[in-house]
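The values are calculated or read from the model by the stated rules, or taken from the named source; none is laboratory data. Quick caveat, the model's predicted, so the values are computed rather than measured. Glycine gets a Cβ as well: all are built from the backbone with ideal geometry, and neighbour counts include every protein chain shown.
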Amino acid sequence: MSESSPTQATLARRLARSRIRAALATSLGGAPYASLVLLAVDLDASPLLLLSDLAQHSRNIAFDPRVSLLLDATEGHPDPLTGPRLTLLGRAQPTDDRRCLVRFIAHHPTSAGYAGFRDFHLYRVEVERGHLVAGFGRIDWIDRGDLLFAGDVGVLAAAEPEILKHMNEDHGDAIARYAHHLLGRTGTGWQMTGIDPEGIDLRCGGETARLDFAAPVSVPVLTPQAAQAALVQLAGMARQ
């Protein structure tokens with residue numbers, strides 16, 4: 001297997017940012033236990049999970065926080081084993097970060113109905129490394145330092161709710177062009193559910209879509225103004 005490279009790390013982040021569910025593996029008395037969970041990722045690509053205390057995987061995590069997540073992007077491939085997938089290894093830690101919970105709910109609107117229940121808690125997976133299978137013979141282990149986005153995302157993260165509100169309320173036509181002209185999607189009522197240094201997330205009913213920027217927003221501090229410039233660039237591409 002080849003050594004990890006920035007290109008492979010970028011592919012891994014793109015895959016992670018495009019997924020809305022994952023197979024979660026935890027330890028049940030030393031035996032592997034796999035379950036299906038809804039997934040969102042933070043701006044640096046760290047996985048976020050909203051789990052019930054009553055679920056077996058949550059009880060497993062309470063005893064052993066080591067987890068593995070399988071993110072499958074093989075849909076559409078006649079032979080799934082030739083398609084891309086990413087396995088993440090790390091530790092699931094409960095978090096009270098309200099911003100992260102808001103981000104999760106934005107990506108999974110139905111979770112708003114139970115996110116406030118006392119027996120539901122948000123977990124952030126502290127990724128240690130990832131194993132990317134990008135296709136036949138394209139296999140890489142990627143360390144945490146390369147896998148997670150390295151820029152300072154704090155300012156952009158704090159501004160994300162206001163950016164989404166502004167775009168969804170005032171620029172629905174631009175969002176529709178993103179979906180229709182840049183992604184080839186159909187339907188009406190597309191909404192932006194997330195923005196990060198590498199792209200935006202869209203949803204229309206139960207359909208989701210990921211649109212990557214032409215290049216990551218790369219300034220010392222990722223400001224809302226830098227993100228706005230990237231959105232304007234996408235709008236220009238969509239008009240063309």
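Tabulated results
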quantity	calculated
Contacts under 9 angstrom Cβ, first residue in region 116-143 being assigned by TED's automatic domain parsing to the domain that holds residue 51 and touching a residue at least 60 places away in the same chain (Cβ under 8 Å), partner among the aromatic types (Phe, Trp, Tyr) and part of a strand (DSSP E or B), 6 or more apart	130/141; 132/141
Any pair with Cβ under 9 angstrom, 6 or more apart, that starts in region 3-31 at a residue that is within 18 Å of residue 148 (Cα to Cα) and in a loop (DSSP other than H, G, I, E, B) and ends at one that is modelled with pLDDT of 95 or more and among the aromatic types (Phe, Trp, Tyr)	3/141; 4/141
Candidate set: region 47-79, residues that are farther than 21 Å from residue 103 by Cα and in contact with a helix residue (DSSP H, G or I) (Cβ under 6 Å, 6 or more places away or on another chain); chosen: the one surrounded by the fewest Cβ atoms within 10 Å (Cβ to Cβ)	74
Filtered residues of region 111-132 (kept if of a type in the set (Gly, Ala, Ser) and in a loop (DSSP other than H, G, I, E, B))	115, 116
Test result for residue 115, surrounded by fewer than 17 Cβ atoms within 10 Å (Cβ to Cβ), at pLDDT below 95 and of a type in the set (A, V, I, L, M)	no
